[in-house]
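The values are calculated or read from the model by the stated rules, or taken from the named source; none is laboratory data. The structure presented is a predicted model; accordingly, all values stated were derived computationally and were not measured. Here the Cβ positions follow ideal geometry from the backbone for every residue, glycine too, while neighbour counts run over all protein chains shown. The accessibility values were calculated without ligands, DNA or RNA, using every heavy atom of the protein model including side chains. Shrake-Rupley method; radii C 1.70, N 1.55, O 1.52, S 1.80 Å.
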Amino acid sequence: MEFKKLGQLVNWVDNRNKGLKSTNLLGISIDKFFMPSVANVIGTDLSSYKVVSVNQFVCNPMHVGRDEKMPVALYLEGDCSIVSPAYFVFEVSNDNIILPEYLMLWFRRNEFDREVWFHTDGSVRGGILWEELCELTVPVPSIVEQKEIVAAYNDIERRIALKRKINDNLEAQAGAIYNTLISENVSNEEENIYNILSVINGSPFSSDYFNSEKNGYPLVRIRDLSKCDPEVYTDEVLKTTEYVNVGDILIGMDGEFIPHIWFGKTGVLNQRVCKVIPSQNYIHPLFLYFTLKPILTEIQRTQGGTTVIHIGKKDFDKMSCVSLSEDKRRFFYEKVSPLFSQILNNDKEILKLTYAHALVLATLSR
């Protein structure tokens, strides 16, 4: 295997949006995917923004020191989009030497993020310079080997996508049952949300006990809710420690208030994350999930904006939901329990496939 500096493999690209070729403004998530930008661009001259085209890379170099990750993504769409003028845009200079898809896999490695973080410029934001990025060394196997690695990764990606699609269908089935029961409730009576659930807060664990070697309990933070795969572990146990198990419904209390179904390992609940549990017979976790989702979405819509919003246990006091009889709750419980089991099994399989992703990326090691 040959090793080359990144600067030998890529070219800087600086195509500006003259003539407004595109108004589709994108940002990059910390998980290295493009996403619609949340920036307010009303009255902004978009002609100065950078145009990104198929097989070009975009990265946000400004917060690596803070986030300890380099947000970078490979653009694969047919139509061009635009990104911030502060972002780096670059492309592979010769795809007979290195494939764009292979290089993107290298960018996905944890080791890449650690190395970029080491080279940050020491400013408050902790950014990295283009010249520093170009000095990083990339392992470059033969094109045949690169294609094999990319194919293995993409095969796992397709299997994950299939499992997620199946889960979306199962969740839709459960949601249809829930909506039918709600619509059949002709009395329209409502009750306080605390009649059907209890809210349990997490605890403030000390960072002195954090480790990434997977010693102790997985620490479930807000950032872990979507993946169910905590990066930080702790062996600290407090009197207030609340454990998180498969099937629990968790909610982050800062930012986006989306209920999540936990399918990862048994862990401990960090502060600013709460767990909701049924407080009556025959209240299924998915019943809580479907009840809370529209309520929390509405809070997000009415209180959201440019600042991060927060909720606490007292906010649940103001929530109400449609009152259903125990017979209807029992009906939902019996109908949805098998669907819920399938969802959890698929989620566990997705987690295993995610670990397989990591093994493929490990083949890029020096």
(message) So, in segment 86-114, how many residues would count as being open to solvent by 50 Å² or more (accessible area, probe 1.4 Å) and more than 22 Å from the chain's Cα centre (by Cα)?
(response) 6
(message) Every residue in segment 327-353 that is open to solvent by 80 Å² or more (accessible area, probe 1.4 Å) and either under 19 Å from residue 222 (Cβ atoms) or acidic (Asp, Glu) (or both), please.
(response) 327, 334
(message) Any residue in segment 73-90 that is farther than 15 Å from residue 30 by Cα and without any contact (Cβ under 8 Å) to a residue 40 or more places away in the chain sitting within a Cβ distance under 7 Å of a residue that is assigned to a strand (DSSP E or B) and among the hydroxyl-bearing types (Ser, Thr, Tyr)? List the pairs, counting only those 6 or more apart or interchain.
(response) none
(request) Please report, ordered by residue number, the strands (runs of 3 or more DSSP E) entirely within segment 58-153 with at least 2 residues that are within 28 Å of residue 39 (Cα to Cα) and among the aromatic types (Phe, Trp, Tyr). (result) 88-92
(request) Please enumerate the residues belonging to segment 195-226 that are open to solvent by 60 Å² or more (accessible area, probe 1.4 Å), under 29 Å from residue 282 (Cβ atoms) and part of a strand (DSSP E or B). (result) 201
(request) Answer yes if at least one residue in segment 162-177 is in contact with a strand residue (DSSP E or B) (Cβ under 7 Å, 6 or more places away or on another chain), under 26 Å from residue 27 (Cα atoms) and loosely packed, with under 14 Cβ neighbours inside 10 Å, and no otherwise. (result) no
(message) Six or more apart or on different chains, Cβ atoms under 6 Å: show the pairs whose first residue is in segment 255-266 and of a type in the set (Gly, Ala, Ser) and whose second is surrounded by fewer than 21 Cβ atoms within 10 Å (Cβ to Cβ).
(response) 255/308; 264/229
